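Please read the structure below before turning to the comments.
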Amino acid sequence: MIDKAKISGYAVLIIGVALLVFTFINAYLFLIGVLSISIVDWVAELGALLGPLVETCIRIMYLGIMGWIGALLTKRGIEFLTKLPRKAKEEAKKKTRKKSANEGKKS
């Protein structure tokens, strides 16, 4: 049976990668939309552009946060998966050292 820590490591890794994929797909879809600007009246155009500009800033912040969270989760998942075998080996070494030290004291 797989250890609970290993399962959580895989889960965090999969969620992180899924968020990264979702973020990059959203970024691609946002970037292929083209805004055309026709300059007739600067004041009217500025007012008309503020709405999409604010919306674009919100999307950029959303993408940045989602990408950051996805990258963190992916990093943590990889750390879980790489540190588990090392930790198990270190614990096994400590147990064998204790056993050998106890046996040395008995003889």
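Nothing in this text is a laboratory measurement; each read-out follows from the coordinates by a stated rule. Since the model is a prediction, treat every value here as computed from it, not as a measurement. Cβ coordinates were reconstructed from backbone atoms using ideal geometry, including for glycine residues, and neighbour counts include every protein chain displayed.
Descriptive notes on the structure:
- Straight Cα distances below 17 angstrom link Lys6 to the aspartates and glutamates Glu79, Glu90, Glu91, with same-chain residues fewer than 8 positions distant left out.
- Efficiency of FRET between Leu46 and Ile69 - r from beta-carbon atoms, R0 35 angstrom, step 0.05: 0.55
- One decimal place: the segment Arg86-Ile32 gains 14.9 nm when fully extended, by the rule 0.36 nm per residue minus the C-alpha distance.
- Karplus-derived HN-Hα couplings along segment 13-21 (A = 6.51, B = -1.76, C = 1.60, θ = phi - 60°), whole Hz, x at Gly and Pro: 5, 5, 5, x, 5, 4, 5, 5, 4
- Positive contributions from Lys and Arg (+1) and negative ones from Asp and Glu (-1), summed over other residues with Cβ under 15 Å from the Cβ of Ile69, come out at +2.
- Footprinting exposure proxy for Val12, Val54 (fewest neighbouring C-beta atoms within 10 Å first): Val54, Val12
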